[in-house]
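Heads up, the thing below is written out as structure tokens.
The values are calculated or read from the model by the stated rules, or taken from the named source; none is laboratory data. Keep in mind the model is a prediction, meaning the values are calculated, not measured. Here the Cβ positions follow ideal geometry from the backbone for every residue, glycine too, while neighbour counts run over all protein chains shown. These accessible areas exclude ligands, DNA and RNA; they are computed on the full protein's heavy atoms, side chains included. Shrake-Rupley method; radii C 1.70, N 1.55, O 1.52, S 1.80 Å.
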Amino acid sequence: MKQYFAFVKKEFRHILRDKRTLLILFGMPVAQILIFGFALNNEVENAGVAIYDMSGDYESVLLQTRLENSEQFYIERECQTTECIEEAFRQSKARLGIILPQNFGSDLLNGAKPAIKIVSDASDPNQAQVLTSYATAIILTHVKGRATVVQDVPIVSAIPRMIFNPELKAVYMFVPGVMGLILLLVGAMMTSLTIAREKELGTMELLLVSPLYSWHIIFGKVTPYWLLSFFNAMVIVSLGILVFDMPMNGSVVLLIGSCLLFSLTALALGIFISSKANSQMTAMFVSMMGLLLPTILLSGFIFPIENMPLPLQIVSNIIPAKWFIMIITGLMIKGSGMNVIWKPVAVLVLITLVLGVAAVKNVKPRLGE
Amino acid sequence: MRALPHIVRKEFRQISRNRVMLPLLFLMPIVQLIILSYAADFEVKNVNMAIVDLDKTVTSQRLVSKFTSSGYFTQVGSFTNVKEAMLELEKENTDMILCIPKDLDADLNSLQPVKVQLLLNAVNNQKAGIASNYSMQVINAFNADRLKNMSLPQGVTPLSVDIRSEYWYNSELNYKTFMVPGILAILVTMLTAFLSSINIIREREMGTIEQLNVTPITKFEFILGKIIPFWIIGMLVMTFGLVIAYLLFDITTAGSLLTLYAFLAIYLIAVLGIGILISTVTETQQQAMFITWFFLVIFLLLSGLFTPVDSIPEWAKFINHFNPIKYFVEVMRMVMLKGSTFADISYHFLVMTGFAIFYIVSAMRSYSKTSG
């Protein structure tokens with residue numbers, strides 16, 4: 001044990017001496033979470049509309065004003081041709097075009113159902129659909145309001161209640177997601193470098209001739225980074241609660257436990273990568289190129305996993321961030337207990353064990369292999 | 001300039017000798033492009049729905065079957081009280097609970113409006129919004145069915161409009177068409193930024209930079225020699241990506257390929273310039289990597305690849321003016337999907353040229369041949 005503590009002390013000195021890296025390690029997650037928490041928003045707002053109004057009468061102008069006053073739209077340009085709408089799309093200035101027919105007002109008041117055409121730039125299909133349905137809703141409500149007699153018939157109406165996130169805040173999804181992303185990548189990148197670095201600088205030889213066992217080396221490498229990662233996790237959680245009003249409905253002990261667990265997963269992954277990589281460059285390339293996009297795309301952070309084709313849904317199970325996000329949203333937002341989150345916790349433990357064993361087996365206390 | 005071809009050749013040799021890196025360089029982006037393009041889909045095709053039906057009449061059953069036959073909803077269970085159903089919601093076994101009150105049928109028959117309750121798991125705000133929209137459509141259709149049999153009072157003209165919607169450029173609303181160009185842009189960016197940002201620092205850490213410093217190579221030749229190989233790799237990976245986009249996802253470039261490549265050429269210079277600049281101001285490979293990663297993640301998530309850029313706050317829009325990835329993702333989508341011409345993207349072009357010049361000059365200035 002004495003050797004182990006001596007080794008941990010050496011690692012800590014290494015880390016603390018490099019002030020720049022230290023600053024990056026702590027400053028970066030904070031800056032990122034602040035930027036994303038404030039900036040990321042999947043709501044569609046403020047979209048430009050190109051209007052081609054063939055009639056220009058009182059009713060059509062009224063409708064335009066209604067659109068202009070909505071939160072979702074502003075009128076970017078008034079067109080006289082369809083080509084003009086297309087040009088606005090090509091320059092990405094407008095997302096939606098609305099074409100009002102001739103005699104719009106008189107047709108409307110005569111009950112002749114004037115045909116309104118809504119065209120959208122569907123190169124972004126999601127946005128195009130959302131905007132079209134917004135515009136349709138605005139137009140229909142407006143038209144309904146122009147009627148003189150309002151019909152009253154018994155109908156069924158729905159009251160949607162948004163459970164867990166009544167204000168539909170995007171932050172509730174982004175904070176756990178960015179947390180998983182940052183912890184996993186920082187953890188994996190930090191540790192994947194250390195062993196590769198000792199190899200590259202030649203100091204690995206010194207460690208190998210010392211009376212340290214290979215588990216001493218691995219655990220000694222992991223311990224300081226584990227503490228750092230955990231500290232990072234706590235900073236991010238506090239920011240989420242203090243700055244972004246995330247709730248903390250579940251048990252704090254479980255939250256701390258799962259942050260410790262996930263940090264360990266990330267470190268085990270890093271050690272595993274570095275035991276395979278022959279240089280720092282390879283280690284970094286794998287931990288950065290190989291982890292960034294899959295973690296964003298397959299963890300359910302942005303795209304819902306149940307929408308993916310089945311093979312990808314299966315692949316998503318080996319993405320550690322997926323399980324961590326489930327645990328965090330469960331604990332913080334839903335206030336779940338162990339009876340609900342035991343499964344993701346168990347999976348994370350399993351992934352960590354597999355990676356850990358593979359890493360210990362792969363770090364060989366020999367050179368030239 | 002006579003030394004230039006030699007440096008380029010040296011760099012290429014170095015890259016091609018690394019047996020681990022070489023396949024990674026090309027395989028990793030391509031494999032990710034293929035796999036991840038299938039993952040990126042916002043369209044909510046199926047909402048799992050649990051039912052708490054307290055009415056249990058023909059009318060309430062008709063409402064439920066209106067939901068299940070709409071194609072959006074799958075019934076995953078039926079409960080006698082809300083509490084049980086809520087536990088399922090918490091475990092994510094269901095996305096929504098439809099609660100039908102006890103007197104649905106009786107109230108409708110006595111001409112009373114009725115309110116049914118939808119409980120939605122809103123942790124993912126977007127999904128909840130879409131599910132709630134679908135439900136409204138179903139309920140509207142249910143109402144319309146009932147109203148069909150009722151007649152309007154005399155002398156009332158119903159005001160209505162006929163709304164037709166058209167989806168341009170992607171009439172099938174295929175999400176992959178939208179995501180593939182964006183993902184390709186990110187992969188090319190990550191690859192080139194990574195390679196360039198640790199290149200010089202690596203030579204310094206390994207001590208080989210000293211050998212280059214004592215040669216008569218000028219700073220300009222040195223930086224250019226470092227950039228050209230990665231520039232070529234970037235162009236190659238992009239070309240592979242475009243071929244795959246065509247073969248696998250049937251995406252062709254609507255605009256001119258020349259415009260696309262012209263922009264890519266400038267863009268790669270800017271990205272490589274940033275990478276080299278980072279490489280010259282850091283002390284270790286580790287630092288270089290972390291700084292690159294920091295900017296990459298911020299630029300990537302703000303680029304509009306995943307979330308619309310129209311709705312971010314003003315200060316973030318300001319940051320975005322300096323975000324090269326945002327311009328590239330936009331240009332890729334504009335040229336590939338909408339057929340935007342050179343004139344349409346001239347602003348992007350101008351800004352990117354400015355970036356390229358700025359970063360290359362900065363990199364050259366900050367690189368010093370003297371050590372210590």
| field | Mean-position separation - Cα centroids, the stretch A:244-281 and the stretch B:14-88, in angstrom | value | 26 Å
| field | Value at 222 nm in deg cm²/dmol, rounded to 500, when DSSP H runs of n ≥ 4 in chain B each add -39,500 (n - 2.57) | value | -21000 deg cm²/dmol
| note | With the full set of protein chains present, the residues of the stretch B:159-174 whose 1.4 Å probe accessible area falls by 40 Å² or more relative to the chain alone are B:LEU159, B:SER160, B:VAL161, B:ASP162, B:ILE163, B:ARG164, B:GLU166, B:TYR167, B:TRP168, B:TYR169, B:LEU173
| message | Binning at 5 angstrom from zero up to the longest distance, how are the C-alpha pair distances of the stretch B:260-372 distributed in percent? | response | 2, 11, 18, 21, 20, 13, 8, 4, 2, 1, 0
| remark: In nm², the average projected area of the convex hull spanned by the Cα atoms of the stretch B:93-138 is 3.8 nm²
| task | Using DSSP to define loop residues, name the trypsin sites (Lys or Arg not before Pro) in the stretch B:14-117 whose beta-carbon has at most 16 other beta-carbon atoms within 10 Å. | result | B:ARG19, B:LYS45, B:LYS56, B:LYS91, B:LYS102
| said: Can you sort B:MET352, A:MET1, B:MET86, B:MET28 by solvent-accessible area, 1.4 Å probe, largest first? | reply: A:MET1, B:MET86, B:MET28, B:MET352
| Using a probe of 1.4 angstrom, how much of the accessible area of the protein assembly as shown is carbon and sulfur, in percent? | 61 percent
| task | Could you tell me the total accessible area buried at the A-B interface, probe 1.4 Å, in square angstrom to the nearest hundred? | result | 11100 Å²
| Which FRET efficiency value, to the nearest 0.05, do you get for B:TYR347 and B:THR239 by plugging their Cβ-Cβ distance into 1/(1 + (r/R0)^6) with R0 = 25 Å? | 0.45
| note | Expressed in nanometres to one decimal, the distance between label points 7 Å along Cα→Cβ at A:ILE256 and B:VAL58 is 6.3 nm
| message | Can you compute the FRET efficiency between A:ALA115 and B:ILE15 using 1/(1 + (r/R0)^6), with r the Cβ-Cβ distance and R0 = 45 Å? Round to the nearest 0.05. | response | 0.15
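Using only alpha carbon pairs under 8 Å that are at least six residues apart, calculate the relative contact order of the stretch B:220-339 and give it in whole percent.
Reported as a whole number, the value is 36 percent.
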| message | Can you give me the angle between helix A:214-242 and the longest principal axis of chain A, using Cα atoms only, in degrees from 0 to 90, rounded to the nearest 10? | response | 30 degrees
| field | Separation between Cα centres of the stretch B:198-231 and the stretch B:285-330, rounded to whole Å | value | 28 Å
| task | Just need the relative contact order of chain A here, percent rounded to a whole number, with Cα pairs under 8 Å and 6+ apart. | result | 18 percent
| What does the accessible area per residue of the stretch B:236-372 come to in Å², with a 1.4 Å probe and no ligands, DNA or RNA counted? | 37 Å²
| So how tilted is helix B:219-249 from the main axis of chain B? Cα-based, degrees 0 to 90, rounded to 10. | 30 degrees
| request: Could you grab the relative contact order for chain B? Cα pairs under 8 Å, six or more apart, rounded to a whole percent. | output: 19 percent
| Residue (of B:ALA343, A:CYS259, A:MET326) at the positive-pole extreme of the protein assembly as shown, dipole from beta-carbon charges | A:CYS259
| query | Between A:ALA137 and A:ARG20, what is the FRET efficiency for a Förster distance of 56 Å, r being their Cβ-Cβ separation, to the nearest 0.05? | reply | 0.60
| If you wrap a convex hull around the C-alpha atoms of chain A and split its volume per residue, what is the figure in Å³? | 192 Å³
| Which value, in debye to the nearest 20, gives the size of the charge dipole of chain A about its Cα centre, when Lys and Arg are +1 and Asp and Glu are -1 at the Cβ? | 2200 debye
| request: For the stretch A:131-232, state what percent of all Cα-Cα pairs lands in each successive 5 Å bin, counting from 0 Å until the bin that includes the largest distance. | output: 2, 8, 10, 11, 10, 8, 6, 5, 5, 5, 5, 5, 5, 4, 3, 3, 2, 1, 0
| Tilt relative to chain B, helix B:21-39 - C-alpha long axis, 0 to 90 degrees, to 10 | 20 degrees
| field | Computed magnitude of the charge dipole of the protein assembly as shown (debye, nearest 20; Cβ of K, R +1, Cβ of D, E -1) | value | 2980 debye
| Are there cysteines in the protein assembly as shown with no second cysteine's Cβ under 4.7 Å away, and if so, which? | A:CYS259, B:CYS99
| request: Give the Debye-formula value of log10 I(q)/I(0) at each listed q (0.06, 0.09 Å⁻¹), with one equal scatterer per alpha carbon of the protein assembly as shown, two decimals each. | output: -0.43, -0.90
| field | Heavy-atom surface of the stretch A:164-321, accessible at 1.4 Å and reported per residue (Å²) | value | 32 Å²
| When the dipole is taken about the Cα centre of the stretch A:65-144, and only Lys, Arg (+1) and Asp, Glu (-1) are charged at their Cβ, what size is it in debye, to the nearest 20? | 260 debye
| field | Cα coordinate range in the stretch B:218-283, projected on the principal axes (Å, largest first) | value | 45, 22, 15
| field | Interface residues, the stretch B:39-70 - accessible area loss of 50 Å² or more versus chain alone, probe 1.4 Å | value | B:ALA39, B:PHE42
| message | At 222 nm, what value in deg cm²/dmol follows for chain A if DSSP H runs of at least 4 each add -39500 (n - 2.57) and the sum is divided by all its residues, to the nearest 500? | response | -21500 deg cm²/dmol
| Separation between the B:PHE318 and A:ILE318 pseudo-spin-labels, each 7 Å from Cα along Cα→Cβ, expressed in nm? | 4.5 nm
| task | Could you check what % of the DSSP bridge pairs in the protein assembly as shown are antiparallel, to the nearest 5? | result | 20 percent
| field | Linear extension gain, A:THR81 paired with A:TYR58, 0.36 nm per residue minus alpha-carbon span | value | 6.2 nm
